[in-house]
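Trainee: My questions will all concern the structure given below.
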């Protein structure tokens, strides 16, 4: 499968589709939430935001308390969040959590996608969201551009993702677009492709993602 060239016209088309799907309205209201409950040293301010994102985006966090505690702890240690680089670092600092249940069993989890969503709104859209749809499309475009795509393995951390996100913007000559615009374009285009495969082959979401990766990789291998 060849990904469609991200021309100005195509990006505008996808962004209009995103808006019609009420994505912009949802984002605006979530940003209002973050601005209203803006004290990340306050347990309940953070709790409201974490619970909202977890529910809306189905990030499958079963125990939000250690997530809230990690955000508060990290905020105490990082009082200044002014530069974009500060927010990028903040994602990685709040993504990894560890907690022990009442039976003494320890759990570890890396909530990279959730953490990127939290900081996306905390930074007022400056940092992009790490999401499986976005990642598949970024890797696919770079594979087509460079004639090589070995793997879709997830990034080790947000810094790696953000580096590749910037590489994508540069390689595809999209540096005039904001991170927010590119973020929305990648997510909506990825979602559209996956929905098409779901409908075409009657597959589950995860199966459709795998099929999309397979098609993109096959195209890249044929056109090296």
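The values are calculated or read from the model by the stated rules, or taken from the named source; none is laboratory data. Fair warning: this is a prediction, and the values are worked out from it, not measured in the lab. Don't worry about glycine lacking a Cβ; one is built from the backbone with ideal geometry, like all the others, and counts go over all protein chains shown.
Trainee: Can you list residue pairs whose Cβ atoms sit under 9 Å apart, with the first residue in the stretch 1-13 being under 21 Å from residue 221 (Cα atoms) and the second being at pLDDT below 95 and outside any helix (DSSP H, G or I)? Count only pairs 6 or more apart in sequence or on different chains.
Mentor: Hits for this filter: 2/223.
Trainee: Report yes if residue 72 is farther than 26 Å from residue 165 by Cβ and touching a helix residue (DSSP H, G or I) at 6+ places or on another chain (Cβ under 8 Å), otherwise no.
Mentor: For residue 72, the condition - farther than 26 Å from residue 165 by Cβ and touching a helix residue (DSSP H, G or I) at 6+ places or on another chain (Cβ under 8 Å) - is met.
Trainee: Please work out if residue 149 is more than 15 Å from the chain's Cα centre (by Cα), assigned to a loop (DSSP other than H, G, I, E, B) and modelled with pLDDT of 95 or more.
Mentor: For residue 149, the condition - more than 15 Å from the chain's Cα centre (by Cα), assigned to a loop (DSSP other than H, G, I, E, B) and modelled with pLDDT of 95 or more - is not met.
Trainee: Residues in the stretch 1-25 that are part of a helix (DSSP H, G or I) and surrounded by 12 or more Cβ atoms within 10 Å (Cβ to Cβ): how many?
Mentor: Selection size over the stretch 1-25: 11.
Trainee: Looking at the stretch 33-64, which of its residues are under 26 Å from residue 191 (Cα atoms) and not in a helix (DSSP H, G or I)?
Mentor: 58, 59, 60, 61, 62
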